[in-house]
Each structure stands twice: as C-alpha cells, then as structure tokens.
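Report on the following structure.
None of the figures in this text is laboratory data; all of them are computed from the coordinates on show. Because the structure is predicted, anything quoted here is derived from the model rather than measured. As a convention, Cβ positions derive from the backbone with ideal geometry for all residues, glycine included, and neighbour counts pool all protein chains shown.
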Amino acid sequence: MKHAIKFLESGEKVRAYVHFKGRAIVHKDQGEILLLRFAQALEDYGKVELLPKLEGKRMFLTVAPKAPKK
C-alpha cells in the first residue's frame, strides 16, 4: 500500500493483481473484492482506470494518479 501511494504521488500508474493458484480460480469474486478494497484505500491518491479484469489466472486492476490541483 505504501509503495502504491508513493508511485501515485510521483505521477505513476499502479497495476495490482491477484494470482489464482490451482482451484482458487473458483473464488473469483473474493479476488475482485480484494482489488476493489485496495482501490478504495487509494481513493485519495488516484482513480480506478481499469476495473478488475481476469486474464488467465490473474485478475488486474489499474489505478491512475489524480490530476494535480491548480
């Protein structure tokens, strides 16, 4: 979490993922909930650019930094 905040503050995007091993792929909903909680915790620093998306055995989430205030 601290690393993600540091990246967002410096203007970088953050891509978090959950890797499902074996039969854990059955619980996709739990992985999605975990990623959405991560995005909600970073709400003050960035906005969700790409909602959780399953690619193979990994579920990705992309968070972009908020635009600097003028």
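Some points to look at:
- The phi torsions of segment 49-54, fed into the Karplus equation with coefficients 6.51, -1.76 and 1.60 and a -60° offset, translate into couplings of 8, 9, 5, x, 9, 8 Hz, rounded to whole numbers, with Gly and Pro shown as x.
- Stokes-Einstein D (µm²/s) once Rh is taken as the Kirkwood radius of the chain over alpha-carbon pairs, at 10 °C in 1.306 mPa s: 127
- The chain: angle of helix 28-41 to the longest principal axis, Cα-based, in degrees nearest 10: 10
- Charge dipole (the chain, unit charges on Cβ, about Cα centre) - positive-most of ALA64, ILE25, TYR45: ILE25
- The alpha-carbon of LYS13 sits under 18 angstrom from the alpha-carbons of these aspartates and glutamates, leaving out residues fewer than 8 places away in its chain: GLU43, ASP44, GLU49.
- Segment LEU34-GLU55, length gained on full extension (0.36 nm per residue, minus Cα span): 5.9 nm
- Counting Lys and Arg as +1 and Asp and Glu as -1 over every other residue whose Cβ lies under 15 Å from the Cβ of LEU51, the net charge comes to +2.
- Cα-Cα over 25 Å, subset of LYS28/LYS66; LYS21/LYS53; LYS21/LYS47; LYS6/LYS28: LYS28/LYS66; LYS21/LYS47; LYS6/LYS28
- Dividing the mean sequence gap of close Cα pairs (under 8 Å, 6+ apart) by how many residues the chain holds gives a relative contact order of 40 percent.
- If only the Cβ of Lys and Arg carry +1 and only the Cβ of Asp and Glu carry -1, the dipole of the chain around its Cα centre is close to 140 debye.
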